[in-house]
Every structure is written in C-alpha cells, then in structure tokens.
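What follows is a set of notes on a single structure, which appears directly below.
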Amino acid sequence: MSGGQKQAGWLERVGQSLYRMRRRVATGAVIAAALVFGYHAIFGENGVTVYQQRRTEDRAVQKRIADLQKDNARLEQQVKALKTDPDAIEREARDRLHYARPGEVIWTEDEPQGAAQPAGQPKK
C-alpha cells in the first residue's frame, strides 16, 4: 500500500464515520437551536419577562387613569356646585377664607409654641 492509498482509505473511513453520526449531529444542532430560540422567547426583547413587566406597568397606568378620572368628575361636580349652589359657595368661603356671619364667633386653636418658632431663634 502506498501513501496515497493509505490517505484515501483514511478519508473514506472518516467520511463513513461522519455519515453514520449525521443523525446525532443534526439532533445536537436542532437542540442547540431550540435552546437559543427558547432563551430568546423568554428573556429576549419581546420575551415573556418583558411582557410581564409591560403588563404590570399597564395595570398601574390604567389604575392611575381611573383615579384621575374620579378626581376629575369630583372636581367638575364641585365647580358646577360653586357656579349654581349658594350653600356650596358659602361653605367654600367659610372653609377657605374663614368668613363668618355677623354675630358669629370662630374659634381657632393656636399652634404649640415650640412648633411656631423657627429653629435658631430664642423663645420670647
């Protein structure tokens, strides 16, 4: 046997070995591809974890919108009452501006002395 024949025989045995292992190689490649795609489906840009985060954010935003709509409706009612209801106008003037009717006395509580004085100033 010459060197060329030995080399040709070796190449033929390697080729036959690879041909017999083709299923194993193909199975390994499919498993590796499935792992890569699975990882991307879970942790990728549009994966399950990002989807869950977006859903949580969406719920928070929807709750905030509902709260703001309730506040808006309450304020609209208050504006309507202040435009048309004399009792509401009087109540608002008494609360905010501390108005009183003639002959009425309003009692207010004084702030504690320590809380009323800024820090660093001596007590009187």
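Toward the positive end of the charge dipole of the chain, with +1 on the Cβ of Lys and Arg and -1 on the Cβ of Asp and Glu, the farthest Cα among Leu35, Gln16, Gln78 is that of Gln16. Taking the fewest neighbouring Cβ atoms within 10 Å as the starting point, the ordered list for His98, His40 is His98, His40.
Every helix of 4 or more DSSP H residues in the chain counts as -39500 (n - 2.57), and over all residues that averages to -25500 deg cm²/dmol at 222 nm. The label point for Ala8 and the one for Met21, both projected 7 Å from the Cα toward the Cβ, are 2.5 nm apart. Extension gain, Gln78 to Ile106: 0.36 nm times the residue separation minus the Cα-Cα distance gives 7.6 nm.
Report the FRET efficiency, 1/(1 + (r/R0)^6), for Asp95 and Asp71, where r is their Cβ-Cβ distance and R0 is 25 Å, rounded to 0.05.
0.85
Between Ile42, Ile31, Ile65, the GNM of the chain built on Cα springs shorter than 10 angstrom shows Ile31 fluctuating the most. For Rg and Dmax of the Cα atoms in Å, the value calculated from this model appears in (i) 16.5, 52; (ii) 15.2, 55; (iii) 41.0, 131 under label (iii). Karplus-derived 3J(HN,Hα) values for segment 65-75, using 6.51 cos²θ - 1.76 cosθ + 1.60 with θ = phi - 60°, are 4, 4, 4, 5, 5, 5, 4, 4, 5, 5, 5 Hz; glycine and proline are entered as x.
Against the chain, whose longest principal axis comes from its Cα atoms, helix 86-97 is set at around 80 degrees. Within the listed set Glu12, Glu111, Glu57, the Gaussian network model of the chain (springs between alpha-carbon atoms below 10 Å) gives the highest mean-square fluctuation for Glu111. Fewest-first ordering of Leu35, Leu82 by other beta carbons within 10 Å of each residue's beta carbon gives Leu35, Leu82.
In the chain, the longest principal axis of the Cα atoms and the axis of helix 22-43 are about 10 degrees apart.
Rule-based calculations on the coordinates, nothing more; no lab input. Since the model is a prediction, treat every value here as computed from it, not as a measurement. In this analysis, Cβ positions are derived from the backbone assuming ideal geometry, glycine residues included, and neighbour counts consider all displayed protein chains.
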